[in-house]
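I have placed the structure first, in the form of structure tokens, so that the comments after it can refer back to it.
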Amino acid sequence: MTAPSLLLAALIALVVAGCGGGDDGAAGGDSDASVTTIERTTTVEVTRGAGDDDAFDPSRIYERDAPGVVTIRSVLSGAAAVPGVPGGGDSGLGSGFVLNERGEIATNAHVVTQGEGRSIREAKEVYVAFADGNQVPARIVGYDANADVALLRIDPSGLTLRPLRLGTARDLRVGSPVAAIGSPFGEPQSLSVGVVSATDRSIRSLTGFEIGGAIQTDAAINQGNSGGPLVNAKGDVLGINSQIQTSSGGGEGVGYAVPADTVRRTLAALREDGKIDYAYLGVATTRIYPQLARRFRLPVTAGAWVQEVVPDGPADDAGLRAGTQERRFQARDVTVGGDIITAVNGEKLENEAALAEALLDFRPGRQVTLRIYRDGKPRDVRVRLGTRPKQTDPVRP
């Protein structure tokens, strides 16, 4: 059973003194000087999650977590939109959720920006609407186009905030029940439920690079859900709902959320610097699997097979080699003859996607050691990582 809510109140007092001069009774003095006090109270509601053994209860999830979910409207460009009116001017619509009592809000980067790659621009105005009817302006602290995450901040004075707790997607299992809360098509505080239908998916970011570890769900996600939370029975935010796969333009049971672990890392960087830079290797790779390894007599059955090296990039500077001969195998084109990357600083790569994930642990400018196989023989190569560019095509770690 859910423990009672704990109410925490922070009082902010603004004192304005009346103007006057001289001592009491003096000519021209003000013996009736007044003091006006304006009180603005921020109420923070802290809720406890359901126990591990409690059943998945959508109505309880909604009652507990929906007050922490907000609707976000942004004025992107052109004529100013009327706050609260969808479509006024060139406006964007999405969702978000409260992070803490300081007034921090998490959402998707694409909710408060316009364009992709090098043409991304921040919204001119952003408004956050709460479940209780309050609507306030927000400031964009920063955004991460590579992870599609943005951090907003509002003035919490006079508001009741219900922060949601960031969880983890590391141990998430397919079939686990989840709930999505947001504002599909501008309908605020909407709940949809489903299950985790897959984990460790890769989805495209605003820069063209891949977002790894994404959560796939069949909980209905539509336009306007972007930026809202995907939660479990305990109220943990497992991810930020970000994309749908559709042929009709509507939700078709295949939605994706940016995992909470990625969100947490990005938010920490945005709080500190207002931005986040990613390490960059500058290669295009393909996955190695046993049948492919046997067909081309590769020395390993797992790793990232280099298909292309970006000219003048970090990998090129370190002497990594791409394949030179294109072959067809099992309905796919493969460029053979290139280096095979099997480990980064001693950490083995179980698959090709693991290369991009491994690079997330390093900052630009860091030197790392790659274990590679060239002409069937292992060797170590030192690479000084660069800074990921704002746009790429095709996707490269």
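Readers should treat all values here as calculations from the given coordinates under stated rules, not as data from a laboratory. From a predicted model like this one, the values you see are computed outputs, not experimental measurements. A quick note on method: Cβ atoms are made from the backbone with ideal geometry, for glycine too, and the neighbour counts reach across all protein chains shown.
Ranking request for peptides 236-244, 163-171, 151-159: highest mean number of other beta-carbon atoms within 10 Å first, then the rest in descending order.
Ranking, from highest mean packing down: 236-244, 151-159, 163-171.
For the stretch 279-387, take every pair of Cα atoms, bin their distances at 10 Å starting from 0, and report each bin as a whole percent.
15, 53, 27, 5
Within the set of other residues whose C-beta is less than 12 Å from the C-beta of TYR289, count the net charge using Lys and Arg as +1 and Asp and Glu as -1.
Values: positive: ARG287, ARG294, ARG295, ARG332; negative: GLU350, GLU352.
Once all neighbours under 12 Å are counted, the net charge is +2.
Between ALA131 and VAL300, what length in nm is gained on full extension when 0.36 nm per residue of separation is reduced by their alpha carbon distance? Spell out each step's value before the answer.
On the way: separation 169, 0.36 × 169 = 60.84 nm, distance 5.49 nm.
So the chain would gain 55.3 nm between ALA131 and VAL300.
Give me the percent relative contact order of the stretch 224-377, please, defined on Cα pairs under 8 angstrom at least 6 residues apart.
Working: 252 pairs, mean separation 26.7, N = 154.
Value for the stretch 224-377: 17 percent.
What ranking do 182-192, 356-366, 325-335 get when scored by the average of other Cβ atoms within 10 Å per residue, highest first? Kindly include the intermediate steps, with their values, before the conclusion.
Numbers: 182-192: 19.2, 356-366: 16.1, 325-335: 11.1.
The densest-packed peptide leads the list: 182-192, 356-366, 325-335.
Charges only on Cβ, +1 for Lys and Arg, -1 for Asp and Glu: so what's the dipole of the stretch 51-275 about the Cα centre, in debye to the nearest 20?
Details: 20 positive and 26 negative charges, 97 e Å.
The dipole magnitude comes to about 460 debye.
Ranking request for peptides 340-351, 63-74: highest mean number of other beta-carbon atoms within 10 Å first, then the rest in descending order. Present the calculation step by step, with values, prior to reporting the outcome.
Values: 340-351: 17.4, 63-74: 23.8.
By packing density, highest mean first, the sequence is 63-74, 340-351.
When the Kirkwood hydrodynamic radius is evaluated over all pairs of different C-alpha atoms of the stretch 51-275, what value in angstrom, to one decimal, is obtained? Don't jump to the answer; show the numbers that get you there.
Details: mean 1/r = 0.0587 Å⁻¹.
One decimal place: 17.0 Å for the Kirkwood radius.
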